[in-house]
Structure formats: structure tokens, C-alpha cells
Amino acid sequence: MLSKQKIFNKAYAHALTMTYLAKYNLDSHIHVGCCYRTADGNRCLIGCFIPDEAYTPEMEGKTVMGLFCNNEIVFGDNSSGAELLFKLKLVPVTKLESLSKERYNFLEELQATHDMANTLEEMFGNLHDLAKTYKLKIPD
């Protein structure tokens with residue numbers, strides 16, 4: 001399992017490459033909320049962990065923990081939500097009752113740093129706040 005610091009580092013590195021928030025379906029220009037992946041391939045801070053072969057549009061509209069808890073959807077690599085997050089090393093277990101509340105909260109809060117932001121600058125402020133909360137270092 002990846003440590004919170006390693007997860008944060010990857011998400012932060014991805015954030016530095018973003019030119020806009022992954023919040024719109026660019027095919028129709030209709031706001032659909034936050035996206036794991038937009039039509040042109042932009043990804044949110046959780047979406048950057050999801051490999052192409054595992055991504056399916058059915059993921060959209062669900063929180064990261066919604067993916068974890070929903071074992072009815074089979075993703076592109078034939079895994080359930082919990083199995084996918086386990087394979088990606090974001091969680092140490094595939095059963096919700098075994099997942100620590102701290103890990104659950106961390107992933108939800110990481111997702112919210114993007115989803116609750118209206119601008120990239122706001123997202124970076126949220127990331128800095130998250131780092132402070134979890135005593136994480138901002139990558140160089």
C-alpha cells in the first residue's frame with residue numbers, strides 16, 4: 001500500500017501539470033460536476049491514479065469511496081471498485097469494514113481538494129491545507 005505521503009506526492013505532481021480543473025464534459029460543454037477524466041484526457045487528483053485499462057465512464061459521479069463500496073460495477077480491467085483501489089495501492093484491504101477511518105477520510109479529503117475548488121489556485125491552497133492536516137511535506 002502506498003503511504004499517504006506517496007499518494008499526496010503523486011497527486012501534487014499531477015496537479016502541477018493541470019491547466020484547468022477536471023470538471024466539465026468537454027464533448028457537450030455541459031457541467032457534469034467533477035470528473036475522474038474529461039473527454040480530452042484531463043484527470044482529477046484521484047483520476048491520475050486510474051490507468052487507462054481500468055477506467056470506465058461508469059466511475060463518473062461517484063466519490064472515491066463510492067467506487068470502493070460499489071462492487072456491482074465491474075471496471076475496465078474486470079475488477080470491482082474495492083479491488084481496483086487495492087490494485088492501485090490506495091487502500092490496504094478490499095472490505096469496507098477493514099478499511100481504517102483515517103485512510104477513508106484521507107482519500108475523500110484528497111478528492112475534495114480538487115472537487116471543492118473553483119480554480120487551480122484554490123485547489124493548491126486546499127492541497128496545502130491537506131498537507132498541514134496530515135503532516136505531509138509539499139514535494140519540491
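Using helices alone, what [θ] at 222 nm do you get for the chain, with -39,500 (n - 2.57) per DSSP H run of 4 or more residues, divided over all residues and rounded to the nearest 500?
-12000 deg cm²/dmol
When the chain is treated as a GNM, springs tying every alpha-carbon pair under 10 Å, which of Thr17, Thr113, Thr38 comes out with the largest mean-square fluctuation?
Thr17
For the chain, modelled as a GNM with alpha-carbon contacts under 10 angstrom, which of Asp52, Asp115, Asp40 fluctuates the most?
Asp40
What's the longest bit of the chain with no exposed GluC sites (Glu not before Pro), using DSSP loop states and at most 13 other Cβ atoms within 10 Å as the test?
Answer - 73-140.
Lys and Arg at +1, Asp and Glu at -1: add these up for the other residues within a Cβ distance under 11 Å of Leu110 and post the number.
0
Place +1 on the Cβ of every Lys and Arg and -1 on the Cβ of every Asp and Glu in the chain, take the dipole about the Cα centre, and give the residue among Ile50, Ile138, Leu85 whose Cα lies farthest towards its positive end.
Final value for the positive-end residue is Ile138.
What is the magnitude of the charge dipole of the chain about its Cα centre, with +1 placed on the Cβ of each Lys and Arg, -1 on the Cβ of each Asp and Glu, and no other charges, expressed in debye to the nearest 20?
The calculation lands at about 600 debye.
Which far-off residues, 5 or more places away or on another chain, put their amide H under 5 Å from the one on Arg37, with H placed in the peptide plane?
Long-range HN contacts for Arg37: Cys44.
For the chain, set up a GNM with springs between Cα atoms under 10 Å and report which of Lys87, Lys62, Lys101 has the largest fluctuation.
Of Lys87, Lys62, Lys101, the Gaussian network model singles out Lys101 as fluctuating most.
Quick note: the coordinates plus some simple rules give every number you see, no bench work behind them. Remember, predicted model here, so these are calculated numbers, not experimental data. Backbone-built Cβ (ideal geometry, glycine too); neighbour counts: all protein chains shown.
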